[in-house]
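Asker: Just passing along the structure, written as C-alpha cells.
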Amino acid sequence: MEHREEMSKVRKGESEMDPRAKLSPTEGEPAPSQDVQLDEQLIRRKVQSLCSVRYGIAFSVHICNFILMAQNVIMNITMVAMVNSTDHQAQVNVSTEGLPAHALGGPNQAPKSLPAEGAGLGGQFALWEKWSPPHERSRLCSIALSGFALGPSIVILLSGFICLVLGWPFAFYIFGAIGCICFLLWIGLVFDDPISHPWISISEKEYIISSLAQEVTSSRQPLPIKAMISSLPLWSMIFCCFGHQWLVIVLVIYTPTYISSVFNINIRDNGILSALPFLFAWVCSILAGLLADFLLTKNFRIVTVRKMATLVGNLPPSAFIVALPYLSSSYITTITLLILACGLSTFSQSGIHINALDIAPRHSSFLMGASRGFAHIAAILAPTVSGFLLNQDPEFAWRNVFLLLFAINTLCLIFYLLFGKADVQDWAKEKKLTRL
C-alpha cells in the first residue's frame, strides 16, 4: 500500500513537470503562494513613497504638462500686445491682471491649446506602460495630467502683470526658461523603464517589474488592427472620450460667453475668477487619482473604479451646465456651478483617460493617441454646431446648445458604462508559441 502511494506521488510530480501540461500562457500556471503575496505587500509598503523614482517621474511630467499648456496659453494672451505693442497697456487689465476676451478661442472656434494637449498624451502613456503599477496607476497619471489644468491658471494670474511691468517679450522669456529647465529635468530623471534607470532602488525596481510582469514584455508585436476595430471596449472608450471632449469645449468656450451675455459680466476680465475653475480642476484631478487608488486597495474592481470616475467626470458637469439657463437670476449660483463642473470633469482622468493602460498596456500609447485624435473631432464639431444653434434661435439658443451637450455626453457615457472593460483584452495579450 505504501509502495503504491509513493508511485502515485512520483507520477503526479512528473505530470506537473511535463511541459506539455502547459497548453497556454494563461492556463496551468500555479497560483502564487501566501508567502510570495506577503513579500509583495511588504515591498509595496516599503517603496510606496513620494520620494520614490516613479513619483519623481510623475512630478516631472506634471511640470512638463504645465509648461506645455502655459506656453500655448501665453501665446494667445500676448497676441494682442504683440500686434499692438505701442499701446499694450490698453489691452491688458491693469487692476485685475485678467485674461483677454477669446484668449482660449472665440465662440466659433476651438481653443488653440488643445492640439498640444493631444500631442503630449501619447508619449506619456508610452512611459506609463513601464512605470505605473496597476494599483498606483490612477494617482501617478492624475499627478502627471493635472499639469494641463495648472498651466492656464498660473498664466492667467501672472500674464497681465508680466506684460504690464516687464513687457510682453518677457512672458516668452520666463516661460521659455522654465521650459528649458524642464527639458534638463526630463533628460536627467526620466528613463524608458525601471531597468535602465541608474538611481532607482532595487526594491522599487523589483516592485514595479513584478507588478507589471503580466502586462508588458520586451517583445514587439504588430498592432492587431482587425481585432481593435471589432473591440467594443475600445470603441466605448473612444466614444466616451469624444463626449467628454465636447463637454470640455462647451465648458471652456461657451459658458463664459453665456455668463457674459446674461449678466453682462465678462469673467475673462477678472484674473482670479478666470483662474479659479482651472485651479479647482487641478486640485480635483489629483484628488480623483488618490481616491481611485484608495478604492482599489479596498478590493473594488478596476472596471468599477474606472466607470465610477468616468460617471462623475461626465454626468454631473453636463447636468450643471444644462441647469444654467434655469438659474439665470443668480450670478453666484451660476459661477459656483461653472467651477464645480470644471473640477468634476477632471475625474475622467482616472477613468477613460487611462483606460487604455488597462485594456491594452502594450498598445496604450497608440490607443490613447488614436482616441484623443478621434475626440478632437469634437473640437471642430462643437463650435460649428453650437454657433449654428446660436444664430438660428436667439430665444432658446443657449438652452439648445446645453441640451445638445447633455444628450451627446450622456449617450457616449451610457455606451461606455455598458461595454467598457478594464481587463487586458485577448487581442492585447502576448502570443506565445509552446512547443509540445
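Asker: What list of ³J(HN,Hα) values in whole Hz, one per residue of region 291-308 in order, does the Karplus curve 6.51 cos²θ - 1.76 cosθ + 1.60 (θ = phi - 60°) give from phi, with Gly and Pro shown as x?
Answerer: Each residue's phi maps through the Karplus curve to give 5, 4, 5, 5, 5, 5, 5, 9, 6, 6, 5, 4, 5, 5, 5, 4, 6, 5 Hz.
Asker: Among CYS284, LEU212, PHE300, whose Cα lies farthest out toward the positive end of the dipole of region 171-322, if unit charges sit on the beta carbon of Lys, Arg (+1) and Asp, Glu (-1)?
Answerer: PHE300
Asker: Just order 142-148, 278-284, 375-381 by mean Cβ neighbour count inside 10 Å, highest at the front, would you?
Answerer: 142-148, 278-284, 375-381
Asker: Now for a different question. Within a Cβ distance under 11 Å of VAL303, other residues only, what is the Lys/Arg minus Asp/Glu net charge?
Answerer: Its environment carries a net charge of +2.
Asker: Then there is this: Short version: ³J(HN,Hα) in whole Hz for each residue of region 252-263, in order, from phi by Karplus 6.51 cos²θ - 1.76 cosθ + 1.60 (θ = phi - 60°), x for Gly and Pro, what are they?
Answerer: 7, 8, 8, 5, x, 5, 5, 5, 5, 6, 8, 9
Asker: How much net charge surrounds MET228 when only other residues with a Cβ under 14 Å from its Cβ are counted (Lys, Arg +1; Asp, Glu -1)?
Answerer: +3
Asker: Would you please put 291-299, 345-353, 239-247 in order of how densely packed they are, using the mean number of other Cβ atoms within 10 angstrom per residue and starting with the highest?
Answerer: 345-353, 239-247, 291-299
Asker: Do any trypsin sites (Lys or Arg not before Pro) in region 152-244 lie in a loop, going by DSSP, with at most 16 other beta-carbon atoms within 10 Å of their beta carbon, and if so which?
Answerer: ARG220
Asker: Evaluate the relative contact order of region 301-354 (contact order divided by residue number), counting alpha-carbon pairs under 8 angstrom at least 6 apart; express in whole percent. Each step should come with its number before you reach the end.
Answerer: Details: 50 pairs, mean separation 30.7, N = 54.
This gives 57 percent for region 301-354.
Asker: Continuing with the same structure: Measuring with a 1.4 Å probe in the full set of protein chains, what accessible area per residue, in whole Å², belongs to region 339-436? Display every interim value, and only then the final one.
Answerer: Details: 4430 Å² over 98 residues.
So region 339-436 comes to 45 Å² accessible per residue, rounded to a whole number.
Asker: Rounded to whole Hz and in sequence order, give me ³J(HN,Hα) for region 400-407 from the Karplus expression 6.51 cos²θ - 1.76 cosθ + 1.60, θ = phi - 60°, writing x for Gly and Pro.
Answerer: With the stated coefficients, region 400-407 comes to 5, 4, 6, 5, 4, 4, 4, 5 Hz.
The values are calculated or read from the model by the stated rules, or taken from the named source; none is laboratory data. Predicted, not measured: the structure shown is a model, and the values here were computed from it. Note that we place each Cβ from the backbone using ideal geometry, even for glycine, and neighbour counts take in every protein chain shown. Just so you know, the surface numbers come from the protein's heavy atoms only, side chains and all, with ligands and any DNA or RNA stripped out. Shrake-Rupley method; radii C 1.70, N 1.55, O 1.52, S 1.80 Å.
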